[in-house]
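Visitor: Sharing a structure, written as structure tokens. Questions coming.
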Amino acid sequence: MRLYLTVIVLTFCCGLSAQQPDESHSLLWEITGKGLKQPSYLFGTMHILCAEDAQLSDSLQFSIEQSGLVYFEVDMDNTAELLGIFKHIRMNNNKKLSDLLTTAEYQRVQRYFMENRSILPLSMMERFKPYFIAAMLSESKMPCETRNGMEEVIMRFVKKQQKEILGLETIAFQASVFDSIPYEEQAKELLKAIDSAGKQDTMTVKMLEVYRQQDLEAIEKLTQQEDGGVGAYLDLFLFGRNAKWIPVIDSAVQHGTVLVAVGAAHLPGEKGVIALLRRSGYTLRPMRHEVNRKTL
């Protein structure tokens, strides 16, 4: 489960290639060095994609087959952990969205949900943390009818391989990130997203396109350009979490080959996972990750 808006794997051919990809245009990375006897792998996901894009390349399948463990941001194979989302998605102290907005503002939100399709009706989300609602609205703007997430696709293949799945953090921790931002502020950002729906729709399409291009630099720039949401809280949503993950990844790769699959926005930049692992002494090499879309 992704808590924030879905920030973001594919091009168009097949498998491993002798040609090394450009560093700024790869979502799959090999981790070596620092005394490792065998490589591990890092992959950037997008949590919700058009179904035709949520596919495994030959090189990603190879990485999974070589790995003894697979780490997601949270343990997606732990039913009790995932069910915890229903506890943590709700605001504390029985707060409701209508408590956080003026009558006129709340009516604008109601009107939006009456006029636009969403994953859940507003009546079911009254007590949800507003950023959760904003994330769901973003996901509903994908330019396709059928959607899937890279984590779901990876997990199905991992389970067929009978590999163990673990999490870099817990859903409780992810939810605590939201609780550190005042609910009133979250509600205002939700209202802003609704009032600028056309602009937000364009941002979702842009994210999908640069993810398809595996353009990490463009993903980083779009994330930083967000008006509020993730863009206003990069230290909370991205950088702080990246830093907490490094000791976990460091320990894991020292004990065997693993695949680490996290949101693509966590990879690039000076505070991204790639740079942090390099500063920890590892060598990271981009790998070819291409899917033959013609066969989908």
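The values are calculated or read from the model by the stated rules, or taken from the named source; none is laboratory data. These numbers come from a predicted model, not from an experiment. Quick reminder, even Gly has a Cβ in these numbers, built from the backbone with ideal geometry, and neighbours come from all protein chains shown.
Visitor: Given the conditions (1) hydroxyl-bearing (Ser, Thr, Tyr); (2) farther than 14 Å from VAL158 by Cβ; (3) in contact with a strand residue (DSSP E or B) (Cβ under 6 Å, 6 or more places away or on another chain), report the number of the one that THR45 does not fulfil.
Guide: Just one mismatch for THR45, condition (2).
Visitor: In addition: Filter the range 141-195 for residues that are β-branched (Val, Ile, Thr), under 19 Å from the mean Cα position of the chain (by Cα) and not in a helix (DSSP H, G or I); which is farthest from LEU60 (Cα to Cα)?
Guide: Looking at residues that are β-branched (Val, Ile, Thr), under 19 Å from the mean Cα position of the chain (by Cα) and not in a helix (DSSP H, G or I), I get THR170.
Visitor: Enumerate the pairs (first residue in the range 228-250 and within 26 Å of LEU36 (Cα to Cα) and part of a helix (DSSP H, G or I); second residue anywhere and among the hydroxyl-bearing types (Ser, Thr, Tyr) and at pLDDT 95 or above) with beta-carbon separation below 8 Å, excluding pairs fewer than 6 apart on the same chain, so at least 6 apart or on different chains.
Guide: Within 8 Å, the pairs are ILE246/SER280; VAL248/TYR71; ILE249/TYR71; ASP250/SER280.
Visitor: Determine if the range 51-59 includes at least one residue that is at pLDDT below 85, assigned to a loop (DSSP other than H, G, I, E, B) and not charged (D, E, K, R).
Guide: The answer is yes, given that some residue of the range 51-59 is at pLDDT below 85, assigned to a loop (DSSP other than H, G, I, E, B) and not charged (D, E, K, R).
Visitor: Let me ask something additional. Restricting to the range 77-136, name every residue that is more than 23 Å from SER180 (Cα to Cα), among the small types (Gly, Ala, Ser) and surrounded by 10 or more Cβ atoms within 10 Å (Cβ to Cβ).
Guide: If the condition is that a residue be more than 23 Å from SER180 (Cα to Cα), among the small types (Gly, Ala, Ser) and surrounded by 10 or more Cβ atoms within 10 Å (Cβ to Cβ), then SER118 is the only one that fits.
Visitor: How many residues are in contact with a strand residue (DSSP E or B) (Cβ under 9 Å, 6 or more places away or on another chain), aliphatic (A, V, I, L, M) and assigned to a loop (DSSP other than H, G, I, E, B) if we restrict to the range 111-140?
Guide: 1
Visitor: Name the one entry in TYR4, TYR71, TYR41 that is under 14 Å from the mean Cα position of the chain (by Cα), among the aromatic types (Phe, Trp, Tyr) and either at pLDDT 90 or above or more than 28 Å from ILE194 (Cα to Cα) (or both).
Guide: So the residue among TYR4, TYR71, TYR41 that is under 14 Å from the mean Cα position of the chain (by Cα), among the aromatic types (Phe, Trp, Tyr) and either at pLDDT 90 or above or more than 28 Å from ILE194 (Cα to Cα) (or both) is TYR71.
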